[in-house]
Amino acid sequence: KMPDSFCGSWEIISNVNFEGYMNALGINLYLRKIALRLKLKKVIEQQEDRYIIKTCSTFRNYATTFRVGQEFQEFTEGLDNRHVKSMVTWHGKKMVCEQVGEKKCRGWTHWMEEDKLHLELFCEGEVCKQVFKKKVNE
């Protein structure tokens, strides 16, 4: 079961090596330049045994729905538009997703540190570290 603290709306406060990660995904320079300027928001919800993680920005939104421990087909539409087989599992208090497809060593890890939500995105040796704080007024 997910710690309740994951759920809610989050605003990005730090984004390290996002360009390196996007480059590893093969995202073109024009889209990388736009993406680097965006203020990302995350919304994480739990409905029974399903999780919904939405990444929102003024440019485009992305949502993924999954059950922990169940492989699912994911189309990364609006990101790098690839089909991957994804599997999310718990490693202690970290939620880890492995995405198997064209790109090697691809996925992400979410965890909490104090009141901050951490996200590491990885692909072919590039790691992007993002930190989010809970939106006030929640």
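The values are calculated or read from the model by the stated rules, or taken from the named source; none is laboratory data. Everything numeric in this text was worked out from a predicted model, so none of it was measured. Please note: Cβ atoms are built from the backbone with ideal geometry, for glycine as well, and neighbour counts cover all protein chains shown. Just the protein is used for accessible areas: all its heavy atoms, side chains included, with ligands, DNA and RNA removed. Shrake-Rupley method; radii C 1.70, N 1.55, O 1.52, S 1.80 Å.
Here are a few things to note about the model shown:
- Apart from one condition, S86 fits all of (1) crowded, with 19+ Cβ neighbours inside 10 Å; (2) out of contact with any Asp or Glu (no Cβ under 7 Å at 6 or more places or on another chain); the exception is (2).
- Residue check for Q73: open to solvent by less than 60 Å² (accessible area, probe 1.4 Å), in a strand (DSSP E or B), on the phi < 0 side of the Ramachandran plot and not aliphatic (A, V, I, L, M): no
- Within region 13-59, considering residues that are open to solvent by 60 Å² or more (accessible area, probe 1.4 Å) and among the hydroxyl-bearing types (S, T, Y), the one farthest from K135 (Cα to Cα): Y30
- All conditions in (1) at pLDDT 95 or above; (2) assigned to a helix (DSSP H, G or I) hold for A35, with the sole exception of (1).
- Considering region 102-117, and only residues there that are in contact with a strand residue (DSSP E or B) (Cβ under 6 Å, 6 or more places away or on another chain) and open to solvent by 30 Å² or more (accessible area, probe 1.4 Å), the residue that is farthest from F66 (Cα to Cα) turns out to be K116.
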